[in-house]
Amino acid sequence: MQSNLRIVWIYPDLLSTYGDQGNVLVLEQRARRRGIPVETVHVRSSDPVPEQGDIYLIGGGEDRPQILGAERLRRDGGLHRAIERGAALLAVCAGYQIMGSVFGGEEGQPVAGIELIDISSGRGERRAVGELAAEVDPGLGLPTLTGFENHMGVTRLGPGVRPLSRTVVGTGNGDGTEGCYAGKVVGTYLHGPALARNPALADLLLTWAMGPLPPIDDTWYERLRQERLAAVL
Ligand code: GLN
């Protein structure tokens, strides 16, 4: 029998901007359409992060909730243990920056991240806001990424991670790359939400968690993708 997919949505009370919760809905829907039963836990910042999830998601946020979220996640330790167990993670924008060693606070001051992946962030010169398109690392074999970004932060990748993609339009990490991946962890600046705009990325996470999956009809997703890509390319 197919086992349940366990999705953990981290700190929706602090970190969920520009429809990031849609990432949870897309994963749920794409799993259920393939007959996989789904259990989702929404973990508020006052609650411990469960360690038995298959896919963890965390979204973007303003500077102060981001700082609070980083402190709580570091104290909690549950996400680290889950990733060590082999769980997958999609971390978006503020959530992405939190996964590194450091990020910029509201005055640009360095704030400690949770050191889950080898990245460090700071504040850039100007806000990066608008549509983004990027070509994905050939190692992942995914089509062009599309999304929306709105952040002050810039992110430097260490040798322990690979860039998720190279920007064609937009800012991303700030050095011509966008996002990163390492093991089953993906970080990105993309909202949209990212998985509605990029269903192949959703399926990559699902495959990491559940093994090979049958294709499903993506007509509507593809229309949205093509519309958004045509607006910028
Ligand atoms: N506060 C962070 C920044 O400006 C993240 C913003 C966001 O998540 N949209 O870089």
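The values are calculated or read from the model by the stated rules, or taken from the named source; none is laboratory data. Only a predicted model underlies this, so the values are computations on that prediction, with no experimental measurement involved. Using ideal geometry, Cβ is built from the backbone for each residue, glycine included, and neighbour counts are taken over all protein chains shown. Accessible surface is based on the protein model in full, side chains and every heavy atom, while ligands, DNA and RNA are left aside. Shrake-Rupley method; radii C 1.70, N 1.55, O 1.52, S 1.80 Å.
Observations
- One residue stands out among those in the stretch 93-130 that are open to solvent by less than 40 Å² (accessible area, probe 1.4 Å), touching a residue at least 40 places away in the same chain (Cβ under 8 Å) and more than 11 Å from the ligand (Cβ to nearest atom): the one that is farthest from LEU73 (Cα to Cα), which is GLY130.
- Restricting attention to the stretch 154-176, the residues that are more than 15 Å from the chain's Cα centre (by Cα) and either buried (at least 24 other Cβ atoms within 10 Å of the Cβ) or assigned to a strand (DSSP E or B) (or both) add up to 7.
- Yes/no for ASP63 being within 16 Å of the ligand (Cβ to nearest atom), touching a residue at least 40 places away in the same chain (Cβ under 8 Å) and of a type in the set (Asp, Glu): yes
- Of all residues in the stretch 177-193, those satisfying the criterion of being within 14 Å of the ligand (Cβ to nearest atom) and outside any strand (DSSP E or B) are TYR189, LEU190, GLY192, PRO193.
- Scanning the stretch 37-55 for residues that are in contact with a helix residue (DSSP H, G or I) (Cβ under 6 Å, 6 or more places away or on another chain) and closer than 30 Å to GLU107 by Cβ gives SER45, VAL49.
- Checked against the criterion of being hydrophobic (A, V, I, L, M, F, W, C), open to solvent by less than 40 Å² (accessible area, probe 1.4 Å) and within 13 Å of the chain's Cα centre (by Cα), the candidates ALA200, ALA182, ALA209 yield just one match: ALA182.
- When residues in the stretch 54-73 are screened for being open to solvent by 10 Å² or more (accessible area, probe 1.4 Å) and of a type in the set (A, V, I, L, M, F, W, C), 2 of them pass.
- Just one residue in the set GLU51, GLU39 is touching a strand residue (DSSP E or B) at 6+ places or on another chain (Cβ under 7 Å), away from the ligand (no atom under 15 Å from the Cβ), open to solvent by 40 Å² or more (accessible area, probe 1.4 Å) and at pLDDT 95 or above; that residue is GLU39.
- Residue within the stretch 132-148 that is within 13 Å of the ligand (Cβ to nearest atom), of a type outside the set (A, V, I, L, M) and open to solvent by 30 Å² or more (accessible area, probe 1.4 Å) present: yes
- The listed residues are GLY153, GLY141, GLY147, and the only one of them that is more than 18 Å from TYR96 (Cβ to Cβ) and not aliphatic (A, V, I, L, M) turns out to be GLY141.
- Condition met for ARG72 (away from the ligand (no atom under 15 Å from the Cβ), more than 17 Å from the chain's Cα centre (by Cα) and touching a residue at least 60 places away in the same chain (Cβ under 8 Å)): yes
- So VAL26, is it open to solvent by less than 70 Å² (accessible area, probe 1.4 Å), in contact with a strand residue (DSSP E or B) (Cβ under 8 Å, 6 or more places away or on another chain) and more than 22 Å from SER121 (Cβ to Cβ): no
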